[in-house]
Amino acid sequence: MRLHCEVEVVSRRLPALGLRNPGKGVRALLSLCQQPAPRSPPRPPAGRAGAPRPACLLVSTLRDKRGTRYEQLKGNIEQFFTKFVDEGKATVRLKEPAVDICLSKANSSSLKSFLSAVRLAHRGCDVETPFSPLTPVKTSEFEKFKTKMVITSKKDYPLSKNFPYYLEHLQTSYCGLVRVDMRMLCLKNLKKLDLSHNHIKKLPATVGDLIHLQELNLSNNHLESFSVALCQSTLQKSLRSLDLSKNKIKALPVQFCQLRELTVLKLDDNELIRFPMKIGQLTNLQFLSAARNKLPFLPSEFKNLSLGYLDLFGNTFEQPTVLPVIMLQTPLTLLESSARTILHNRIPYGSHIIPFHLCQDLDTAKTCVCGRFCLNSFIEGMTTMNLHSVAHTVVLVDNMGGTEAPIISYFCSLSCYANSCEMLK
């Protein structure tokens with residue numbers, strides 16, 4: 001029986017000698033084997049079978065294919081640490097030698113099976129699964145433990161075999177893919193996924209189940225949207241870099257701004273007609289490029305960003321209108337008053353409490369320059385903003401050397417609008 005994982009062997013005696021353990025696991029193949037039979041074994045009494053040979057653990061690495069053997073498991077295990085076994089982690093503490101064998105990055109179901117077999121060997125019981133041979137491991141065995149795979153042509157794309165389970169970086173570019181291969185969604189260790197230069201039109205919501213995914217490159221595809229389900233998935237906690245450039249996206253959902261760990265966002269060469277209203281909530285964003293789109297103006301919360309790099313070249317920015325759009329309600333409707341109260345007091349809401357369409361209204365509420373919220377009662381005005389106020393490095397927005405762009409502003413009342421006009425004067 002064998003287990004692919006990372007192994008760190010920690011000696012419990014080194015600290016007493018003033019020494020430290022290396023503190024880093026290595027790719028390894030852990031095998032449960034039977035110790036070789038002695039050359040001249042004693043004959044068992046007539047009519048009685050010989051005792052089974054004791055089990056041992058063999059830790060083999062790419063550098064040491066013969067492996068290190070830990071003999072006599074029976075009664076030699078002091079403790080099993082399995083609190084994080086569902087995350088593919090466990091530790092086996094041996095009595096002699098005084099070491100802890102720390103396992104990580106293992107398939108959780110394979111790890112559980114392996115530990116069950118080791119427990120049986122420790123108790124001296126029969127192990128039902130077959131033992132592995134005490135022979136040097138082949139290099140090909142470590143291919144299953146590959147953490148990076150780059151495929152850049154259709155002929156190299158694997159059709160008949162699965163991707164290595166332990167992949168952390170997968171690139172499949174120029175492979176003619178029209179959809180995301182569902183086999184990729186089983187790669188639970190994946191941190192970087194590059195599907196650029198394909199023909200993908202839609203992303204499955206299950207991409208959001210890749211809990212460790214930090215970088216996602218979908219450039220040069222045929223995407224027309226980025227779903228709400230992905231915005232509300234585990235990507236909220238993991239995704240740092242997203243490249244959606246050279247697609248056919250016209251708008252991103254309001255929920256897109258829940259991806260608050262994003263530091264890099266590339267949206268160049270799409271058909272964007274607007275940014276998400278709440279884009280200012282992307283407080284970790286450092287790099288934003290949305291060149292050559294169809295943006296007529298920027299949303300009011302854009303001024304809340306603090307970027308290192310900004311590129312909005314080649315958009316169809318409009319000239320700011322002189323007259324504001326007045327949508328004030330007097331008196332305020334019950335819906336407007338309730339919405340303002342909920343948002344001002346940060347009262348939790350959801351479709352399990354109020355109707356879904358009301359949730360959508362609250363999600364798309366506008367923010368006044370005074371910080372209050374408004375739903376359907378507001379004044380809308382447009383001014384220009386120097387992009388250097390939100391970014392350290394700014395690519396010129398046009399061939400005339402401009403760094404200004406129109407931005408929408410909202411006002412919840414006449415007094416807020418009047419105060420703003422006085423400040424501008």
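List the residues of the range 283-320 whose backbone N lies under 17 Å from a point placed 7 Å from the Cα of Leu396 along the Cα-to-Cβ direction.
291-292, 310-317
Shape verdict for the range 145-271, please, from the Cα gyration tensor: rounded (a/c under 1.5), prolate (a/b greater than b/c) or oblate.
Oblate.
Loop only by DSSP, 15 or fewer other Cβ within 10 Å of the Cβ. Give me the GluC sites (Glu not before Pro) in the range 114-187 that pass, ordered by residue number.
Glu128
What is the gain in length, in nm to one decimal, between Val150 and Cys421 on full extension, counting 0.36 nm per residue of separation less the C-alpha to C-alpha distance?
Full extension of this stretch gives 91.9 nm more.
Can you work out the FRET efficiency for the pair Arg12 and Thr234, with r the C-beta to C-beta distance and R0 = 35 Å, to the nearest 0.05?
Efficiency for this residue pair is about 0.45.
Whole angstrom only: what separates the Cα centroid of the range 380-425 from the Cα centroid of the range 310-346?
14 Å
Using +1 at the Cβ of each Lys and Arg and -1 at the Cβ of each Asp and Glu in the range 145-271, identify which of Leu159, Leu170, Cys186 lies farthest towards the dipole's positive end.
With unit charges placed on the Cβ atoms, the residue in question is Leu159.
Within the range 279-320, list the trypsin sites (Lys or Arg not before Pro) lying in a DSSP loop whose Cβ has at most 16 other Cβ atoms in a 10 Å radius.
Lys294
I want the local charge near Asp268. Using Cβ-Cβ distances under 14 Å, sum +1 for each Lys or Arg and -1 for each Asp or Glu among the other residues.
So the surrounding residues net to +1.
Taking only DSSP H segments of four or more residues, each worth -39500 (n - 2.57), what value at 222 nm results for the chain once the sum is divided by all its residues, to the nearest 500 deg cm²/dmol?
-3500 deg cm²/dmol
Dipole size in debye (nearest 20) for the range 145-271 around its Cα centre, Lys and Arg Cβ +1, Asp and Glu Cβ -1? Don't skip to the end; give the middle numbers.
On the way: 19 positive and 12 negative charges, 64 e Å.
I would put it at about 300 debye.
I'd like the FRET efficiency for Ile347 and Lys112, computed as 1/(1 + (r/R0)^6) with the beta carbon distance as r and R0 of 45 Å, rounded to 0.05.
It comes to 0.55.
Measure off, as a whole percent, the carbon and sulfur share of the 1.4 Å-probe accessible area of the range 304-401, all protein chains present.
59 percent
Determine, from the Cβ-Cβ distance of Thr333 and Cys370 and an R0 of 22 Å, the FRET efficiency 1/(1 + (r/R0)^6), rounded to the nearest 0.05.
Given R0 = 22 Å and the Cβ-Cβ separation, E is 0.60.
Rounded to the nearest 20 Debye, what is the dipole magnitude of the chain about its Cα centre when Lys and Arg each give +1 and Asp and Glu each give -1 at the C-beta?
With only Lys, Arg, Asp and Glu charged at Cβ, the dipole is about 2420 debye.
So which trypsin sites (Lys or Arg not before Pro) in the range 340-408 pass both tests, a DSSP loop state and at most 14 other Cβ atoms within 10 Å of the Cβ?
Passing sites in the range 340-408 are Arg346.
Label points 7 Å out from Cα along the Cβ direction at His169 and Ser225: separation in nm?
3.4 nm
The values are calculated or read from the model by the stated rules, or taken from the named source; none is laboratory data. Source: prediction; values computed, not measured. As a convention, Cβ positions derive from the backbone with ideal geometry for all residues, glycine included, and neighbour counts pool all protein chains shown. All accessible areas refer to the heavy atoms of the entire protein, side chains included, with ligands and DNA or RNA removed. Shrake-Rupley method; radii C 1.70, N 1.55, O 1.52, S 1.80 Å.
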